[in-house]
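Right, one structure below, let's go through it.
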Amino acid sequence: MANQKYIIGNWKMNGSLNSKGLVSEIDDFCRSKLGDKVAVGICPPFPLIGLVNEWSWESPINIGAQDCHFKESGAHTGDVSAVLLKEIGAKIVIIGHSERRSNHGETSQLVCDKAKAALLAGLKPVICVGETDEERKSGNAIKVVLNQIEQSCPAENANIIVAYEPVWAIGTGNVASPQDILEMHNEIRAKLIEIYGHDGKKIQILYGGSVNAKNAEEILQTQNVDGALVGGASLKAPDFIAIIDAAINVSN
Ligand code: 13P
């Protein structure tokens, strides 16, 4: 188990110039309640990163992106470099989300290259892994996820976060059972220790997939669950704040 829980909101392709109220509510809560046992991140779409950073100036909230390119610069139309993300105030970057793996054909090798670029730029990569429904039903979930970990995580640098997001649990309301989460997170922890040695014990392993205000506390109490990567519920201030609050409660 890592010492600190991390709650990260992944806005996906949501949010707008009208999202200031949402950010301010979360920011107010974090400024008054967040101790050092819980960290909070918000990952809006690229064009909002600088703005969200301004809206939460000097806040404990870490702003992040949802992807980056593996190169520093160059002829890559439509892509964004980790270096630029760092320059505009990002601290973290989600890499290899299942929606990018499936919608954009991202392989674990590419995910690993992106994670390396993020680390080089001084960003903390949140490397996502997770099995499909079919892979779970055929009994291959653990094998698939551990393979993804092995191929997606840069072996020379443990300054990463891992997010286990079963594809079938994302945006469906079908949250994984505490037993399934426990089993997978323990397997991931063992794999991280195999790759990184002692440092593998400190890597935060987040769970993502239909986390909400009601189920957050139980999930966050599970061994080797060091936080949550939250989609839909991160777009509603009361829900996201309740999840952060649950993390504070289980940390005390
Ligand atoms: P939901 O919380 O909407 O299921 O999304 C999870 C996710 O994909 C976060 O990255």
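Bear in mind these aren't lab numbers, they're just calculated from the coordinates by the rules spelled out. No experiment lies behind these values; they were computed from the predicted model shown. We place every Cβ from the backbone using ideal geometry, glycine too, and count neighbours over all the protein chains shown.
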Task: Pairwise centroid distance, computed over Cα atoms, of segment 28-52 with segment 89-115, Å - done: 21 Å
Task: Efficiency of FRET between Asn140 and Trp57 - r from beta-carbon atoms, R0 41 angstrom, step 0.05 - done: 0.35
Task: Contour excess over end-to-end distance, with Cα ends at Asn147 and Lys236 and 0.36 nm allotted per residue - done: 28.6 nm
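Starting from 0.36 nm per residue, how many nanometres of slack lie between Glu25 and Ile88 once their C-alpha separation is accounted for?
Once the chain is fully extended between Glu25 and Ile88, it gains 20.5 nm.
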Open item on the list: I want to check the label-to-label distance for His198 and Lys214. Put each point 7 Å from Cα in the C-beta direction and report it in nm to one decimal.
Closed with: 4.5 nm
TODO: Rounded to whole Å and sorted largest first, list the principal axis extents of the Cα atoms in segment 1-115.
DONE: 42, 37, 24
Open item on the list: Could you compute the net charge surrounding Glu58? Neighbours are other residues with a C-beta less than 15 Å from the C-beta of Glu58; K and R count +1, D and E count -1.
Closed with: -1
TODO: Quote to one decimal, in nm, the extra length available between Asn14 and Leu182 on full extension: 0.36 nm per residue of separation minus the C-alpha distance between them.
DONE: 57.4 nm
Open item on the list: Charges on Cβ only, +1 for Lys and Arg, -1 for Asp and Glu, centred on the Cα centroid of the chain; of Gly200, Gly78, His104, which one is farthest towards the dipole's positive end?
Closed with: Gly200
Open item on the list: Between Ser73 and Phe46, how high is the FRET efficiency from 1/(1 + (r/R0)^6) when r is the Cβ-Cβ distance and R₀ = 22 Å? Nearest 0.05.
Closed with: 0.90
TODO: Would you mind pulling out the separation of the Cα centroids of segment 179-220 and segment 119-161, in Å?
DONE: 11 Å
Open item on the list: Taking 31 Å as the cut-off for C-alpha to C-alpha distance, list the pairs among Lys12/Lys71; Lys20/Lys137; Lys37/Lys116; Lys71/Lys214; Lys33/Lys191; Lys12/Lys86 that go past it.
Closed with: Lys20/Lys137; Lys71/Lys214; Lys33/Lys191
TODO: Take peptides 215-223, 196-204 and line them up by average Cβ neighbours within 10 Å, highest first, as a rough protection proxy.
DONE: 215-223, 196-204
Open item on the list: Cut-off 10 angstrom, C-alpha nodes, Gaussian network model of the chain. Which of Gln109, Gln179, Gln148 fluctuates the most?
Closed with: Gln179
Task: Dipole in debye (nearest 20) - the chain, about Cα centre, beta carbon charges: Lys, Arg +1; Asp, Glu -1 - done: 200 debye
Task: Sorted by Cβ density within 10 Å, fewest first, the residues Val144, Val52 - done: Val144, Val52
Open item on the list: On a straight-distance basis, which aspartates and glutamates could pair with Lys202 in a cross-link, Cα separation under 20 angstrom, same-chain partners fewer than 8 positions away excluded?
Closed with: Asp36, Glu150, Glu156, Glu165, Glu183, Glu187, Glu194, Asp226
- [ ] Averaging over all projection directions, find the projected area of the Cα convex hull of segment 108-252 and quote it in nm² with one decimal place.
- [x] 8.7 nm²
